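Following: one structure in structure tokens, then a few remarks.
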Amino acid sequence: MGFILNPLYNFVSGVIVGIHYLLSPIFGFDSGVTWALSIVGLVVLIRIILIPLFVKQIKSQRALTALQPQMKAIQNKYKDDRQKQSEEMMKLYKEHKTNPLASCFPILAQAPIFFALFTVLNGIAAKTDAGVPAPIARGFLKGEYLDSAAQATFFGAKISETFLGSPDTTVKIVTVILIFIMSATTFTTQRQLMVKGMPKMDSSNNMMLQQQKIMLYLFPVIFAVSGVNFPVGVLIYWSTTNFWTWGQQFYVIKRNPTPGSPAYEELQKKKAAKDKKGSKDSTGTVLDGTNPEDGAEGTNEVKGQRKQPKKKKKK
């Protein structure tokens, strides 16, 4: 497994050490701020790399939305034959080049990086059988960098410590707060997508909607339960990537919402109101050459022109 994992360790540790090198003159070599921002920098780099995958995710979700009527028809047609129903569904996905699991792609793509970071940070906190600290070097995190990272803290908690692996009260408080943030941002991000970013759909026997509901409640629970085993540095990483996901999704929903979604309808109303407002000048005059306050056509006289008196005819 070393030939697969070592490149990941080198990438993760190399990025962290590189950002740490750039930030050291500002915050200090041994500063916890430097190490925490190095992990945040790793998140930013990974998420930039994953932008094409995020775009693919959005396209796949919208394709699934457009296929809802056909999916519903297949479900009704083969409601008594689950196997045939699954076969027809897969055929439909293949025909339209989409995948119902596309919403999980960004998370799955980050899994190797997540595992590598988890291993690197666990190596920092490694101890001998006698309980003596004995950090394990992974990738480029070695020598003075390894010693510095082993002592680095985030709000008083070492970035390599875990909730279950440390008796320190500060570590437990910091990890609980980070676990709560991680779970809450996961929930709000998914809820934002369901409430504003998805068209209204029939909830009965709807695979896509059911999948979204499972993600809404299952992922936060998974993060909350498993978070007690994550080092503080990993919790920093995952909380940061969740904030990135929320912001990225908020931008897409606001600027380029899915047709038929509440956000799309809201955007269309704003555009209509803006167009209506833009068709009038500051005095309320419609910019099509007419004035709403004018009376019937032809009743107005041209201003500035004197009306000539009529001469009486002599008898």
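The values are calculated or read from the model by the stated rules, or taken from the named source; none is laboratory data. Everything numeric here is computed off the predicted structure, so don't read it as measured data. A quick note on method: Cβ atoms are made from the backbone with ideal geometry, for glycine too, and the neighbour counts reach across all protein chains shown. Areas reflect the complete protein model, heavy atoms only, side chains present, ligands, DNA and RNA absent. Shrake-Rupley method; radii C 1.70, N 1.55, O 1.52, S 1.80 Å.
At-a-glance table
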| item | result |
| --- | --- |
| Every pair of residues 6+ apart whose Cβ atoms lie under 8 Å, when the first sits in segment 81-97 and is without any contact (Cβ under 8 Å) to a residue 40 or more places away in the chain and on the phi > 0 side of the Ramachandran plot while the second is in a helix (DSSP H, G or I) and surrounded by 14 or more Cβ atoms within 10 Å (Cβ to Cβ) | LYS97/ALA63 |
| Selection count where residues are of a type outside the set (Asp, Glu), open to solvent by 70 Å² or more (accessible area, probe 1.4 Å) and closer than 15 Å to ALA73 by Cβ, scope segment 85-101 | 2 |
| Test: residue in segment 12-32 that is over 22 Å from SER239 (Cβ atoms), at pLDDT below 85 and in contact with a His (Cβ under 9 Å, 6 or more places away or on another chain) | no |
| Breaking point among (1) closer than 24 Å to SER239 by Cα; (2) over 32 Å from the mean Cα position of the chain (by Cα); (3) not polar (S, T, N, Q), for ALA125 | (2) |
| Residue in segment 71-82 that is touching a Lys or Arg at 6+ places or on another chain (Cβ under 9 Å), acidic (Asp, Glu) and either surrounded by 12 or more Cβ atoms within 10 Å (Cβ to Cβ) or outside any helix (DSSP H, G or I) (or both) present | no |
| Helices (runs of 4 or more DSSP H) completely within segment 103-199 that count 1 or more residues being touching a His at 6+ places or on another chain (Cβ under 9 Å), open to solvent by less than 70 Å² (accessible area, probe 1.4 Å) and at pLDDT below 90 | none |
| Selection count where residues are in contact with an Asp or Glu (Cβ under 7 Å, 6 or more places away or on another chain) and not hydrophobic (A, V, I, L, M, F, W, C), scope segment 73-119 | 1 |
